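Enquirer: The structure under discussion is supplied below as structure tokens; questions concerning it will follow.
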Amino acid sequence: MRFTLRVWRQKDAKSPGQFETYEVDGVPADASFLEMLDILNEKLIKEGKEPVAFDHDCREGICGSCGLFINGRAHGPLPNITTCRLYMRHFKDGDTITIEPFRARPFPVIKDLVVDRSALDRIIQKGGYISVNTGSAPDANSIPIAKAAADRAFDYATCIGCGACVAACKNASAMLFTSAKVAHLALLPQGQPERRERVKRMVAQMDAEGFGHCSNTGACAVECPAKIPLSAIARLQRDFIWANLTPDPYAR
Amino acid sequence: MAEIATPVAPSVVPAPSWREGELILQNACPTGDLEKRWTRHKDNLRLVAPHNKRKLEIIVVGAGLAGASAAATLGELGYRVKVFVYHNSPRRAHSIAAQGGINAAKNYRNDGDSIWRLFYDTIKGGDFRARESNVYRLAEVSVKIIDHCVAQGIPFAREYGGYLDTRSFGGAQLMRTFYARGQTGQQLLLGAYAALQRQVELGNVQVFYNHELLDVVVEEGKAKGVIVRNLITGQISRVAAHAVVLATGGYGNAYYLSTNAKMSNATAIWRAHRRGAYFGNPSFVQIHPTCIPQSGDYQSKLTLMSESLRNDGRVWVPRKKGDTRPPHETPDSERWYYLEEWYPAFGNLVPRDIASRAAKRVCDMGYGVGPTGRAVYLDFSDAIRRFGREVIYQRYGNLFEMYEEITGESPWETPMRIYPAVHYTMGGLWVDYNLMTNIEGLYAIGEANFSDHGANRLGASALMQGLADGYFILPYTIGHYLATQLTQKLSTDTAAFADAEKETRQRIGNLLNTKGTRTVDEFHRELGKILWDQCGLARNAEGLRTAMSQIRELRERYWKEVKVVGTNEGFNQTLEKALRVADFLELGELMIIDAYHREESCGCHLREEYQTEEGEALRNDKDYAYVAAWQWQGEKEPPVLHKEPLTFEFVKPTVRSYK
């Protein structure tokens with residue numbers, strides 16, 4: 001297959017970027033999108049040109065490293081899939097494909113298609129965990145958890161932290177990301193002691209990083225490779241209101 | 001499309017050579033009752049008082065299961081911890097891709113499990129090439145891992161009563177594998193990552209993103225720090241610490257195509273090896289039986305289909321050679337369920353090395369399926385009929401989807417086609433019972449060490465070992481060394497640091513100044529092909545000799561012909577790759593020497609000269625019941641082989657039978 005690629009090139013965070021056009025030929029239909037970029041890069045290196053920088057690692061949809069904005073959509077034309085799991089058979093021979101980095105103010109460009117997503121880690125630092133030290137746990141089966149609760153918690157816990165939700169959102173909101181963790185831990189008995197503080201602190205950090213507000217368009221859930229449902233956001237909203245508006249029973 | 005040049009062997013083929021070193025008799029293993037060894041050992045370890053812990057700095061390199069769990073736990077204890085990861089977040093390490101589960105001797109099933117049985121299965125699974133003391137300790141702490149992970153909020157699969165569910169894995173006749181759908185590694189890693197983030201928030205741990213280790217600094221036999229490169233700015237820095245922990249994973253990517261993530265590499269452990277750390281059993285590489293077969297040269301990696309699928313999937317090929325009928329048209333009587341026939345006791349759940357070799361054997365015999373004839377079927381139709389779609393979806397939903405995305409075929413309609421692929425390395429840096437290498441203060445944990453799996457790792461044991469090392473072993477043993485370092489002042493202003501930095505800069509300069517014509521990937525593919533052909537599923541002396549000279553020649557060409565564009569200053573993924581492949585080229589040679597020297601078959605290591613009539617591994621305990629610990633002597637010098645004898649006081653090494 002043959003493609004014309006319009007690729008965003010940017011030297012570093014401080015320099016302005018622009019689109020460059022490249023032709024790539026002889027791409028097998030069974031190649032993944034990233035393998036197509038490998039083929040382009042091999043060609044560029046042979047020509048003595050700088051290859052296109054892009055993030056990738058596991059190439060099986062779980063590490064959350066890859067994230068390209070392809071033809072105006074996070075992770076490309078298919079819903080709920082990472083870029084590495086997108087195959088060229090989903091494009092037409094001769095297509096022109098536009099490739100950009102995930103765009104959001106809290107995701108500064110490092111180079112070309114690579115962005116800094118450490119803002120997401122800083123949200124987790126504010127409470128995306130249960131404060132338990134190694135060695136202090138009781139026997140695992142001493143806390144029975146209804147299967148339905150464990151299954152729902154799992155659904156929210158599968159977030160891969162790729163940031164597609166942010167890239168897909170017109171407000172660059174990190175609500176789906178943040179709420180997935182809040183919902184996962186709120187559903188489990190282990191998550192109860194810190195439930196109030198967690199939602200308040202994580203939302204505050206999300207705001208501090210410069211992510212926008214959620215206006216419930218649902219664009220995030222369409223692209224989310226982990227299929228985090230929008231109900232995560234509803235659960236966060238409920239917890240947030242509860243934590244802020246109901247009296248803390250343990251307040252002095 | 002890059003072409004793979006067929007390497008030409010020089011007419012005179014030098015045999016792989018090495019020098020015999022000394023026996024390793026000190027491995028810090030306790031003696032006495034097996035059941036009490038770890039407890040007694042812990043009681044005898046030196047302690048560091050809380051006010052002193054605050055003064056001790058530890059570097060942890062890598063934040064996969066082992067690194068993140070170790071760093072978090074060391075932070076909880078009060079040490080000052082610096083973590084370096086080459087990823088853009090500590091949540092991205094390749095532990096995240098582990099699918100099937102984690103073993104633990106909980107016996108929640110009441111099916112007769114015990115610490116002893118997990119110990120025995122693991123040491124037998126490794127074909128009696130691991131230490132009894134280490135493996136028993138692993139089985140012992142497995143129980144606490146599950147407790148801790150549940151307390152962290154990891155959503156393991158549960159039964160309707162609310163208690164934890166388990167399933168079977170290869171090499172075990174019990175159901176001791178805990179799991180979180182097909183994403184157990186992800187959930188466990190995110191648990192360790194979250195614990196790490198908590199320590200970051202508390203100020204005990206600093207995580208340096210986009211930093212890759214390029215050298216280990218050793219002075220007077222002690223680890224003093226590391227040289228790291230900031231992958232965004234290209235800045236090269238010296239970092240000093242009282243101890244250095246390498247948790248940088250395995251080196252399966254030496255083969256180019258593997259189930260590892262693209263960036264997984266051997267540089268950290270290889271640089272440590274070059275600074276004096278012994279490398280244990282480098283040729284022990286696990287080839288996983290159930291991966292999606294390769295479909296073309298453009299392919300950048302292979303994708304694993306979890307071993308858990310063999311709980312319900314049946315492996316078969318048509319009984320008639322060259323049968324091109326679609327699989328659903330082949331009647332049951334004309335299907336050859338060769339694993340069930342050859343290994344009735346374990347059936348489709350034989351260990352990985354056995355299943356991989358069996359797949360190779362039926363394909364070599366001409367029964368393989370698919371366009372290349374290098375694949376076998378993994379069929380779920382019986383299980384779907386028996387349990388219904390819903391149950392099968394609950395168990396393997398995400399794996400079925402992944403298979404369909406990659407191949408365009410639905411496992412609901414037609415059997416999966418699978419073939420073995422490089423997956424995990426049992427070999428790694430040699431460590432003693434305290435997980436310390438022979439360099440004092442330098443530790444290796446998780447897949448980076450040669451550890452507990454002997455010559456073959458059982459499924460669902462990698463997660464167990466990574467977390468055992470990180471949560472429950474290293475945090476105890478490292479104090480024993482650190483207690484002796486309280487008065488050591490840290491400094492990067494020493495000759496050893498200056499030398500290491502200078503050498504690193506030279507290596508980078510050499511790569512950037514080699515104005516060659518061939519890309520790093522072209523060389524890497526060539527190396528991979530040599531290793532896969534001669535040091536893969538089956539090995540023999542002649543092939544290994546050929547491979548040795550091919551790798552030598554490839555390495556020489558690499559430093560003359562490779563083309564690395566760009567500069568050191570700034571984000572340069574080509575340079576990163578070039579540095580990693582340079583180290584794989586050296587490590588590949590050691591893998592060949594190790595495979596050549598071990599004139600027996602054991603576990604993953606099948607020497608064609610040493611097998612039974614049925615093609616099973618023929619072990620030689622008299623001559624080879626030892627860990628091969630290799631010492632670096634220089635680029636042109638043969639390495640020195642130190643043997644650590646393996647003695648078995650509690651189990652009797654037997655012919656490993658799964659029939």
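The values are calculated or read from the model by the stated rules, or taken from the named source; none is laboratory data. Computed from a predicted model, the values in this text were never measured in an experiment. Cβ atoms come from the backbone with ideal geometry, glycine included; neighbour counts cover every protein chain shown. The accessibility values were calculated without ligands, DNA or RNA, using every heavy atom of the protein model including side chains. Shrake-Rupley method; radii C 1.70, N 1.55, O 1.52, S 1.80 Å.
Enquirer: I'd like to check something: does segment A:95-116 contain any residue that is within 14 Å of the chain's Cα centre (by Cα), crowded, with 22+ Cβ neighbours inside 10 Å and closer than 19 Å to A:Glu197 by Cα?
Expert: no
Enquirer: Now for a separate question. Among the residues of segment A:41-51, are any touching a residue at least 24 places away in the same chain (Cβ under 8 Å) and under 28 Å from B:His94 (Cα atoms)?
Expert: no
Enquirer: With the structure loaded, tell me whether B:Arg417 is crowded, with 19+ Cβ neighbours inside 10 Å and either within 13 Å of chain A (Cβ to nearest Cβ) or not aromatic (Phe, Trp, Tyr) (or both) or whether it fails that test.
Expert: Numbers: crowded, with 19+ Cβ neighbours inside 10 Å: yes; either within 13 Å of chain A (Cβ to nearest Cβ) or not aromatic (Phe, Trp, Tyr) (or both): yes.
So B:Arg417 fits the description; yes.
Enquirer: Just need a number here: residues in segment B:346-371 that are outside any helix (DSSP H, G or I), out of contact with any helix residue (DSSP H, G or I) (no Cβ under 9 Å at 6 or more places or on another chain) and not aliphatic (A, V, I, L, M).
Expert: 3
Enquirer: Please go through segment A:148-157 and pick out each residue that is among the aliphatic types (A, V, I, L, M) and in contact (Cβ under 8 Å) with a residue 24 or more places away in the chain.
Expert: Start the filter on segment A:148-157 by keeping residues that are among the aliphatic types (A, V, I, L, M), which leaves A:148-150, A:153, A:157.
Within segment A:148-157, A:Ala149, A:Ala150, A:Ala153, A:Ala157 qualify.
Enquirer: With respect to A:Arg195, is the statement that it is open to solvent by 40 Å² or more (accessible area, probe 1.4 Å), within 14 Å of chain B (Cβ to nearest Cβ) and in contact with a helix residue (DSSP H, G or I) (Cβ under 8 Å, 6 or more places away or on another chain) true? Before the answer, list the steps.
Expert: On the way: open to solvent by 40 Å² or more (accessible area, probe 1.4 Å): yes; within 14 Å of chain B (Cβ to nearest Cβ): yes; in contact with a helix residue (DSSP H, G or I) (Cβ under 8 Å, 6 or more places away or on another chain): yes.
The answer is yes for A:Arg195.
Enquirer: Quick check on this structure: which one of B:Pro282, B:Pro327 is open to solvent by less than 20 Å² (accessible area, probe 1.4 Å), more than 14 Å from chain A (Cβ to nearest Cβ) and under 25 Å from the mean Cα position of the chain (by Cα)?
Expert: Going through B:Pro282, B:Pro327 in turn, just one is open to solvent by less than 20 Å² (accessible area, probe 1.4 Å), more than 14 Å from chain A (Cβ to nearest Cβ) and under 25 Å from the mean Cα position of the chain (by Cα): B:Pro282.
Enquirer: Then there is this: Might you let me know whether segment B:532-543 holds any residue that is within 26 Å of B:Gln235 (Cβ to Cβ), at pLDDT 95 or above, assigned to a helix (DSSP H, G or I) and out of contact with any Gly (no Cβ under 8 Å at 6 or more places or on another chain)?
Expert: No.
Enquirer: From A:Ala164, A:Ala172, grab the single residue that is of a type in the set (Gly, Ala, Ser) and either surrounded by 22 or more Cβ atoms within 10 Å (Cβ to Cβ) or under 30 Å from A:Lys49 (Cα atoms) (or both). Steps first, please.
Expert: On the way: A:Ala172 fails: either surrounded by 22 or more Cβ atoms within 10 Å (Cβ to Cβ) or under 30 Å from A:Lys49 (Cα atoms) (or both).
Testing whether each residue is of a type in the set (Gly, Ala, Ser) and either surrounded by 22 or more Cβ atoms within 10 Å (Cβ to Cβ) or under 30 Å from A:Lys49 (Cα atoms) (or both) leaves just A:Ala164.
Enquirer: Here's something else I'd like to know. So which of A:Ile81, A:Ile124, A:Ile145, A:Ile160 is facing chain B (nearest Cβ under 9 Å), closer than 30 Å to B:Val150 by Cα, in contact (Cβ under 8 Å) with a residue 12 or more places away in the chain and more than 20 Å from the chain's Cα centre (by Cα)?
Expert: Exactly one residue qualifies, and that residue is A:Ile145.
Enquirer: Test each condition in (1) within 14 Å of chain A (Cβ to nearest Cβ); (2) assigned to a helix (DSSP H, G or I); (3) surrounded by 24 or more Cβ atoms within 10 Å (Cβ to Cβ) for B:Asn398 and report the one that comes out false.
Expert: With (1) within 14 Å of chain A (Cβ to nearest Cβ); (2) assigned to a helix (DSSP H, G or I); (3) surrounded by 24 or more Cβ atoms within 10 Å (Cβ to Cβ) applied to B:Asn398, the lone miss is (3).
Listed here are the residues, each with its yes/no results for (1) more than 9 Å from every other protein chain (Cβ to nearest Cβ); (2) crowded, with 24+ Cβ neighbours inside 10 Å.
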position	(1), (2)
B:Tyr108	no, no
B:Asp113	yes, no
B:Gly126	yes, yes
B:Arg129	yes, yes
B:Leu138	yes, yes
B:Ile145	yes, yes
B:Glu159	no, no
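Enquirer: Among the residues of segment B:639-653, are any within 14 Å of chain A (Cβ to nearest Cβ), surrounded by fewer than 18 Cβ atoms within 10 Å (Cβ to Cβ), polar (S, T, N, Q) and over 30 Å from B:Pro344 (Cα atoms)?
Expert: No, every residue in segment B:639-653 fails to be within 14 Å of chain A (Cβ to nearest Cβ), surrounded by fewer than 18 Cβ atoms within 10 Å (Cβ to Cβ), polar (S, T, N, Q) and over 30 Å from B:Pro344 (Cα atoms).
Enquirer: Out of B:Glu553, B:Glu522, I need the residue that is charged (D, E, K, R), open to solvent by 40 Å² or more (accessible area, probe 1.4 Å), touching a residue at least 24 places away in the same chain (Cβ under 8 Å) and in a helix (DSSP H, G or I). Which one?
Expert: Step by step, each of B:Glu553, B:Glu522 is checked, and only B:Glu553 is charged (D, E, K, R), open to solvent by 40 Å² or more (accessible area, probe 1.4 Å), touching a residue at least 24 places away in the same chain (Cβ under 8 Å) and in a helix (DSSP H, G or I).
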